[in-house]
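Here's the structure we're looking at; comments come further down.
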Amino acid sequence: MTDSLIHSPLSGAPGAPSRQQQLLARLKEAILRGQLPAGGKLPSSRALCEELQVSRNTVLAVYEQLVAEGYARADRQGTRVAALADARAPSGPAPKPPAAAVRQSRRVSTMTPTRDAGDRSLPLTPGMPALSRFPVNAWLRAQERALKAAPSHVLGYGDPLGEPALREAIAQYLRVARGVRCDAAQVVVTEGAQGALSLCVRLFTNPGETAWLEDPGYGGVRAAFHAGDLKMVAMPVDAEGIVIAPRHWRTRPARLVHVTPSHQYPTGAVLSLPRRLELIAQAREAGSWIIEDDYDSEFRHRGHPVPSMQGLVPDAPVLYVGTFSKTMFPALRIGFLVLPESAGEGAWPALAEMLRGGHRLEQLALAEFIAGGQFSRHLGRMRRLYRERQQALRQALQAHMKVEHEVLGGDSGLHLTVRLPLRYDDAAISAAARAAGMNVGALSSFSAAPRREASNGLVIGYGNTSEELFAPLMRRLAGIVRAG
């Protein structure tokens, strides 16, 4: 036992840890540092309590805890220091570990960030809904009703596929609003749309298989495919959506094809009906699955929402993915996956093992929110609001963005995309805009291909920005573009 360990008094200052905690920490550190060698006998509890002026019960409790945590062993001869591996950090600069010692997987080390999200509370953030307009009081009432009506067992584990009440509410909504062919048995509630995408990969692919995705496209699907060790092939996008050359079906058929057909992210293109039907037919023939990511199609600002691709033909090879992040709020983290009947039977046993069910009260509150009509009323209000905000953004762009540009985005969603000539570095402009208080995205960051004319520009959100702000913000943004 070192002198400092024995003779250094324990602190009794206000706010200091208890003497028991101090002594325990002191002994553990001495054992880990090798100051108390393995096999060495600790002093008797009586001797130590006299030296440190603490009660014997304090010392006995510390010794008991040391034994419980494996620092010491107790026998008839007393308490002895246990033999421990030397886990001390080396002195001096730490050497770079060899490749074999790096504990992260290859997929992690090769994953590149798709974009810098920045501060999502800033105006012009793509994909961010109008959080200040969400009916918080109605949501609180739905939560209260769900909690009062819930039996105590709701606090336990739930159905791995999600609460039956919510699955029924989702199925009913999708049949009416999106033309999806489904019943509640086909719906799986997930941790947001990202959870649904990851589930598609886990259920329907093996490592090394090929997956196609839109370019430019949603970075989250790249992350999900990458995590599944899939070989990704980027397919270009034009004014009618994803472009898949016939040769790809012959030479590199995909196991999964990710599309955003009702409002392509981020260009806003709508996948034409001929391409939808062709994609379904080719996927069926090749044994492929189509992931229809229907992330914000409820917000169509002219005419009726474009119906889902999943509902075009019976039992289409389509995995329909949706989320409440845009229609409700992102922190809710509830999404869903609709499985085709042909895929569901074999998937249920696997799903029961993969999933555990959770967020039960939030799911029940959401079911109540939908069934009580609050969800439909909220959507109606938000459609009107986002239509006004998109129009205000278009007018501000026309008035202030005097450099050469093309506005994309169609008549849906929560963002517009402004395509710029290559001489304007969209990544640098995006960074400068964030520094100036605007969280616009760089179009090139959504692309898997090298920077090119078709994928250079800015993705500008309008969902979280008031109409009166668009003119001054676009004036400021136009100045940054000109300077770049």
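The values are calculated or read from the model by the stated rules, or taken from the named source; none is laboratory data. What you see is a predicted model; the values in this text were computed from it and never measured. Using ideal geometry, Cβ is built from the backbone for each residue, glycine included, and neighbour counts are taken over all protein chains shown. Calculation scope for accessible area: heavy atoms of the full protein, side chains included, ligands and nucleic acids excluded. Shrake-Rupley method; radii C 1.70, N 1.55, O 1.52, S 1.80 Å.
What strands (runs of 3 or more DSSP E) completely inside the range 124-242 contain at least 2 residues that are under 22 Å from residue 345 (Cβ atoms)? Don't jump to the end; show me each part of the working.
Working: elements: 187-190, 210-215, 231-238.
Here the list reads 187-190.
Looking only at the range 237-262, count how many residues are surrounded by 16 or more Cβ atoms within 10 Å (Cβ to Cβ) and under 26 Å from residue 297 (Cα atoms).
Here the count works out to 13.
Given the criteria modelled with pLDDT under 95 and either farther than 30 Å from residue 191 by Cβ or under 28 Å from the mean Cα position of the chain (by Cα) (or both), does residue 412 qualify?
In short, yes.
Starting from the range 424-440, take each residue that is closer than 20 Å to residue 404 by Cβ and list its partners that are open to solvent by 40 Å² or more (accessible area, probe 1.4 Å) and in a loop (DSSP other than H, G, I, E, B), counting only C-beta distances under 6 angstrom and pairs at least six apart or across chains.
Cβ pairs passing all conditions: 424/484; 425/484; 428/484; 429/484.
For residue 313, state whether it is touching a helix residue (DSSP H, G or I) at 6+ places or on another chain (Cβ under 8 Å) and either in a strand (DSSP E or B) or not small (Gly, Ala, Ser) (or both). Step through it out loud before you land on a result.
Working: touching a helix residue (DSSP H, G or I) at 6+ places or on another chain (Cβ under 8 Å): yes; either in a strand (DSSP E or B) or not small (Gly, Ala, Ser) (or both): yes.
Yes; evaluated as a whole, the condition is true for this residue.
Could you list, in sequence order, the residues of the range 263-288 that are in contact with a helix residue (DSSP H, G or I) (Cβ under 6 Å, 6 or more places away or on another chain) and buried (at least 21 other Cβ atoms within 10 Å of the Cβ)?
Listed by number, the list holds a single entry, 266.
If a residue must be open to solvent by less than 30 Å² (accessible area, probe 1.4 Å) and either modelled with pLDDT of 95 or more or in contact with a helix residue (DSSP H, G or I) (Cβ under 7 Å, 6 or more places away or on another chain) (or both), how many such residues does the range 347-359 contain?
1
Does any residue of the range 198-206 turn out to be within 21 Å of residue 181 (Cβ to Cβ), modelled with pLDDT of 95 or more and open to solvent by less than 10 Å² (accessible area, probe 1.4 Å)?
The answer is yes, given that some residue of the range 198-206 is within 21 Å of residue 181 (Cβ to Cβ), modelled with pLDDT of 95 or more and open to solvent by less than 10 Å² (accessible area, probe 1.4 Å).
Pull up the range 14-41, narrow it to residues that are assigned to a loop (DSSP other than H, G, I, E, B) and of a type in the set (A, V, I, L, M), then point me to the one that is surrounded by the most Cβ atoms within 10 Å (Cβ to Cβ). Quick ask: steps written out before the conclusion?
Restricting attention to the range 14-41, the residues satisfying the condition of being assigned to a loop (DSSP other than H, G, I, E, B) are 14-18, 34-40.
With the extra rule that they be of a type in the set (A, V, I, L, M), the set shrinks to 16, 36, 38.
Working: 16: 11, 36: 22, 38: 12.
The residue in question is 36.
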